[in-house]
1. How tilted is helix 7-30 with respect to the longest principal axis of the chain? Cα atoms for both, answer in degrees (0 to 90, nearest 10).
2. Two-decimal Rg/Rh of the chain from alpha-carbon positions, Kirkwood Rh?
3. Between residue 42 and residue 6, what FRET efficiency follows from the Cβ-Cβ distance if R0 is 25 Å, with the result rounded to 0.05?
4. Could you tell me the extents of segment 68-107's C-alpha atoms along the three principal axes, largest first, rounded to whole Å?
5. In whole Å, what is the distance between the alpha-carbon centres of segment 11-26 and segment 34-78?
6. If each residue of separation counts as 0.36 nm, what is the full-extension length gain between residue 18 and residue 58 once their alpha-carbon separation is subtracted?
7. Rank these for me by crowding, 72, 12, going from fewest to most other beta carbons within 10 Å.
8. Return one number: the angle in degrees, 0 to 90 and rounded to the nearest 10, between the long axis of the Cα atoms of helix 35-48 and the longest principal axis of the Cα atoms of the chain.
């Protein structure tokens, strides 16, 4: 699928901000600095794959085979967008650690 040059940076920025915000809030509430960076691969699998979660346990071979083929067939724009989401989750962990180090207590 074709993506214009304007849509790609906007999508990357939106994914970065989205996962930074979600990661920041989860880090404040759960007091685990890297929770979103750990959860992000599961979120990515749910975004990319079209197989239901239960099928990974009932029909594992076909589900993981389909997941592998879908991950290998991702376009470069999709990879950039998903990578910016991961970067947002990692930056949220770094910011929380820096804020805690400087003495700010969140909840």
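1. Result, in degrees: 60.
2. Working: Rg = 16.3 Å, Rh = 15.3 Å.
When Rh is taken as the Kirkwood radius, the ratio is 1.07.
3. Working: r = 30 Å, r/R0 = 1.21.
With a Förster radius of 25 Å, E is 0.25.
4. Sorted from largest, the Cα extents of segment 68-107 read 46, 16, 13 Å.
5. Answer, in whole Å: 20.
6. Details: separation 40, 0.36 × 40 = 14.40 nm, distance 3.23 nm.
Here the segment from residue 18 to residue 58 would lengthen by 11.2 nm.
7. Details: 72 7, 12 19.
Ascending Cβ contact count within 10 Å gives the list 72, 12.
8. 20
Bear in mind that the values in this text are calculations on the coordinates, not laboratory data. The shown structure was predicted, so the numbers you read here are calculated from the model rather than taken from an experiment. Every residue, glycine among them, receives a Cβ derived from its backbone with ideal geometry; neighbour counts consider all protein chains shown.
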